[in-house]
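**Student:** Sharing a structure, written as structure tokens. Questions coming.
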Amino acid sequence: MAADHTRPDLATEDAEQADAEAEHTPDRPPTPEEEEAAEQGELAEDVAEHYKEAIETGAEVKGEGEIA
């Protein structure tokens, strides 16, 4: 049985670092349909509701994590 926690070797850490620093670009331009959908920018109602909830929660944060 493999250990629950492993430590990545140096080659893995180097590869992850190189990937993190690499320029990330799209593999293709958006289709006209995708551009149109992005322009409309409508969110599902539950997404908007969760966003409002997160904003309200964040506004009440006190202590560690508080934005002063």
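None of the figures in this text is laboratory data; all of them are computed from the coordinates on show. Every value quoted in this text rests on a predicted model; they were computed, and no experiment measured them. Cβ coordinates were reconstructed from backbone atoms using ideal geometry, including for glycine residues, and neighbour counts include every protein chain displayed.
**Student:** Which ones in the stretch 6-40 are surrounded by 10 or more Cβ atoms within 10 Å (Cβ to Cβ) and either part of a helix (DSSP H, G or I) or among the small types (Gly, Ala, Ser) (or both)?
**Tutor:** Residues satisfying the conditions are Thr12, Glu13, Asp14, Ala15, Glu16, Gln17, Glu34, Glu35, Glu36, Ala37.
**Student:** Using beta carbons and a limit of 9 Å, which pairs, at least six apart or on different chains, have the first residue in the stretch 32-59 and free of Cβ contacts under 8 Å to residues at least 40 places away in the same chain and the second one β-branched (Val, Ile, Thr)?
**Tutor:** From the stretch 32-59, the pairs are Gly58/Ile67.
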